[in-house]
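Structure record follows, encoded as structure tokens.
The values are calculated or read from the model by the stated rules, or taken from the named source; none is laboratory data. Bear in mind the structure is a predicted one, so any value in this text is a computation, not a measurement. Here the Cβ positions follow ideal geometry from the backbone for every residue, glycine too, while neighbour counts run over all protein chains shown.
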Amino acid sequence: MRRSVFIASMIATAVLSFGGVVLEQKGFVTSAQEKPASTAEVKIDNFSFGPVAITVPVGTTVTWINRDDIPHTVVSTEKVFKSKVLDTDEKFSYTFTKAGEYPYFCSIHPKMTGKIVVQ
Amino acid sequence: MAHRTKDEILHDHNHDGIDRRGFLKCMAWAGTGAFCVMQGGVLKSYSMSRLAEMNPENMKGELSFVQISDSHMGFNKPANPDVAATLQAAVDKINALSVPPEFLLHTGDISHLSKPEEFDSVEQILKSASAKDVFYVPGEHDVLNDDGKQYHERFGKGAQPGGWYSFEKKGVHFLGLVNVMNLKAGGLGTLGNEQLEWLEKDVKHLKSSTPIIVFAHIPLWTVYPEWGWGTEDSAQALAYLKKFGSVTVLNGHIHQTMQKVEGNVTFHTACSTAFPQPKPGEAPSPGPMKVPAEQLRSVLGITDVNYVAGQHALAVVDSTLA
């Protein structure tokens with residue numbers, strides 16, 4: 001009796017492991033076709049962007065999130081990207097597909113500036 | 001003349017040479033407010049807590065109007081969860097004034113997020129004011145997402161395409177300026193060349209004895225550049241107003257009362273009807289200041305301005321809602 005329980009649990013473990021392998025393989029196949037998506041986050045807090053400057057690889061999606069209780073915007077100085085106004089806890093994302101430096105600011109509070117460096 | 005009190009700020013900048021070359025920087029901070037009266041070139045400013053001691057006769061003039069500012073309709077954070085109620089309180093206070101104002105000036109940030117329903121609410125609440133005419137200038141919160149299209153459609157009738165305009169009331173020349181558009185990274189408020197050229201032409205024909213009142217959202221003097229509290233090209237605008245004996249500048253944006261006299265120009269900022277902001281540099285950022293609910297109304301306000309013709313006198317009152 002005890003032995004059959006042991007075998008049953010062995011089988012269960014094997015099935016679970018197998019399932020896990022399949023899932024991992026799926027993940028592997030995907031990442032082999034296109035590079036894993038790189039992401040970065042910039043927090044807007046106390047009327048400032050944090051971190052104020054970040055360096056990310058090409059293809060990175062940067063997400064800004066407004067943690068202030070005042071609305072802000074994220075606007076590229078060179079008009080590459082421009083968010084709608086972000087109220088508290090709202091987000092804006094932009095994917096950088098070309099290397100370069102992307103200075104930006106809040107068009108409502110232009111003293112707020114930041115920079116994304118894409119390499 | 002009202003009796004002098006300890007809080008009175010007396011400054012003669014037009015006539016008798018008292019402290020003419022210097023400038024007076026008086027800061028009647030949020031929570032107190034200030035009553036200012038300019039008579040014969042002498043500016044007097046009183047703490048609002050002392051208004052009750054003043055002779056109401058001294059508040060009378062040939063032209064009176066009320067400045068309100070920064071309603072931020074739509075704001076609902078802890079600093080003030082009910083900005084409609086505090087705007088209504090401002091209107092109630094206006095309606096209780098012993099001398100009914102002839103019109104209202106709103107110095108911008110009417111809405112918080114430029115939403116139609118926010119503008120609707122403000123217009124609806126202001127309909128209950130005794131003064132029916134409201135002259136607006138936009139704040140940066142009124143021109144979000146659409147470069148001010150909606151603001152101009154609602155409030156810009158009769159204005160120049162950029163939203164600025166002028167009008168006369170009883171010999172006083174009013175200039176409503178726009179300094180919240182096309183702001184540059186790292187910069188302050190901006191008037192822009194087109195508006196400056198218009199301003200120069202607009203005042204050119206006026207006699208130098210004409211009292212001038214300029215109203216705009218962001219201060220036209222540098223209050224605190226670190227927080228963007230100033231206007232890049234305001235010096236050029238003020239240069240066009242140099243010939244006038246009496247120039248008063250009314251601004252909002254910084255949600256607190258500040259006053260300054262520089263040469264022929266008296267600068268005032270008004271409180272917000274929505275929420276107070278910290279004194280320059282006294283907080284990590286200029287975000288809304290949270291004050292206990294029972295104190296909130298004492299830091300929100302309206303500004304009441306009286307003009308006495310002939311003396312070029314302006315009385316500015318920044319009254320709190322308490």
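For segment B:166-178, filtering for residues that are under 16 Å from the mean Cα position of the chain (by Cα) and either within 12 Å of another protein chain (Cβ to nearest Cβ) or of a type outside the set (A, V, I, L, M) (or both) leaves 4. If you go through segment B:161-170 one residue at a time, do you hit one that is surrounded by 15 or more Cβ atoms within 10 Å (Cβ to Cβ) and among the basic types (Lys, Arg)? Checked against the condition, which is being surrounded by 15 or more Cβ atoms within 10 Å (Cβ to Cβ) and among the basic types (Lys, Arg), segment B:161-170 yields at least one hit. Among the residues of segment A:33-50, those identified as out of contact with any Gly (no Cβ under 8 Å at 6 or more places or on another chain) and assigned to a loop (DSSP other than H, G, I, E, B) are A:34, A:36.
Residue by residue through segment B:91-128, note down the ones that are over 14 Å from residue B:142 (Cβ atoms) and outside any loop (DSSP other than H, G, I, E, B).
Of the residues in segment B:91-128, the ones over 14 Å from residue B:142 (Cβ atoms) are B:91-105, B:124-128.
Answer for segment B:91-128, where residues must be over 14 Å from residue B:142 (Cβ atoms) and outside any loop (DSSP other than H, G, I, E, B): B:91, B:92, B:93, B:94, B:95, B:103, B:104, B:105, B:124, B:125, B:126.
Just to be sure I understand, how many residues within segment A:68-83 are part of a loop (DSSP other than H, G, I, E, B), within 11 Å of chain B (Cβ to nearest Cβ) and of a type outside the set (A, V, I, L, M, F, W, C)? Quick ask: steps written out before the conclusion?
If we filter segment A:68-83 for residues that are part of a loop (DSSP other than H, G, I, E, B), which is where we start, we get A:68-71, A:73-74, A:77-81, A:83.
So of that shortlist, the ones also within 11 Å of chain B (Cβ to nearest Cβ) come out as A:68-71, A:73, A:77-78, A:83.
Pick out the ones that are also of a type outside the set (A, V, I, L, M, F, W, C) and you get A:68-69, A:71, A:73, A:77-78, A:83.
Going through segment A:68-83 one residue at a time, the tally reaches 7.
Looking only at residues of segment A:84-119 that are more than 10 Å from every other protein chain (Cβ to nearest Cβ) and in a loop (DSSP other than H, G, I, E, B), we find that the one that is nearest to residue A:45 (Cα to Cα) is A:89.
Yes/no per residue for (1) in contact with a strand residue (DSSP E or B) (Cβ under 8 Å, 6 or more places away or on another chain); (2) assigned to a helix (DSSP H, G or I); (3) among the basic types (Lys, Arg):
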position: B:210; (1), (2), (3): yes, no, no
position: B:214; (1), (2), (3): yes, no, no
position: B:219; (1), (2), (3): yes, no, no
position: B:222; (1), (2), (3): yes, no, no
position: B:226; (1), (2), (3): no, yes, no
position: B:236; (1), (2), (3): no, yes, no
position: B:243; (1), (2), (3): no, no, yes
position: B:249; (1), (2), (3): yes, no, no
position: B:253; (1), (2), (3): yes, no, no
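The number of residues in segment B:129-154 being surrounded by fewer than 22 Cβ atoms within 10 Å (Cβ to Cβ) and either touching a Phe, Trp or Tyr at 6+ places or on another chain (Cβ under 9 Å) or not in a loop (DSSP other than H, G, I, E, B) (or both) comes to 10. If only residues of segment B:179-198 that are touching a helix residue (DSSP H, G or I) at 6+ places or on another chain (Cβ under 7 Å) and closer than 14 Å to residue B:137 by Cα are counted, the one that is farthest from the other protein chains (Cβ to nearest Cβ) is B:191. Do we have any residue at all in segment A:51-66 that's part of a strand (DSSP E or B), away from chain B (no Cβ under 14 Å), of a type outside the set (Lys, Arg) and under 22 Å from residue B:77 (Cβ atoms)? There is at least one residue in segment A:51-66 that is part of a strand (DSSP E or B), away from chain B (no Cβ under 14 Å), of a type outside the set (Lys, Arg) and under 22 Å from residue B:77 (Cβ atoms).
With the condition kept exactly as written, say whether any residue in segment B:228-246 is without any contact (Cβ under 8 Å) to a residue 24 or more places away in the chain, aliphatic (A, V, I, L, M) and within 12 Å of chain A (Cβ to nearest Cβ).
In the first step, residues of segment B:228-246 are kept if they are without any contact (Cβ under 8 Å) to a residue 24 or more places away in the chain; the result is B:235, B:239, B:242.
Now restrict to residues that are aliphatic (A, V, I, L, M): B:235, B:239.
Filter again for within 12 Å of chain A (Cβ to nearest Cβ), leaving none.
No: segment B:228-246 contains no residue that is without any contact (Cβ under 8 Å) to a residue 24 or more places away in the chain, aliphatic (A, V, I, L, M) and within 12 Å of chain A (Cβ to nearest Cβ).
Condition first: surrounded by 19 or more Cβ atoms within 10 Å (Cβ to Cβ) and touching a strand residue (DSSP E or B) at 6+ places or on another chain (Cβ under 9 Å). Now tell me which residues in segment B:263-294 satisfy that. Within segment B:263-294, B:264, B:265, B:266, B:267, B:268, B:269, B:270, B:271, B:272, B:273, B:274, B:286 qualify. In this structure, does residue B:309 turn out to be under 16 Å from residue B:172 (Cβ atoms), at pLDDT below 80 and either surrounded by 23 or more Cβ atoms within 10 Å (Cβ to Cβ) or out of contact with any Pro (no Cβ under 8 Å at 6 or more places or on another chain) (or both)? Against the criterion (under 16 Å from residue B:172 (Cβ atoms), at pLDDT below 80 and either surrounded by 23 or more Cβ atoms within 10 Å (Cβ to Cβ) or out of contact with any Pro (no Cβ under 8 Å at 6 or more places or on another chain) (or both)), residue B:309 qualifies.
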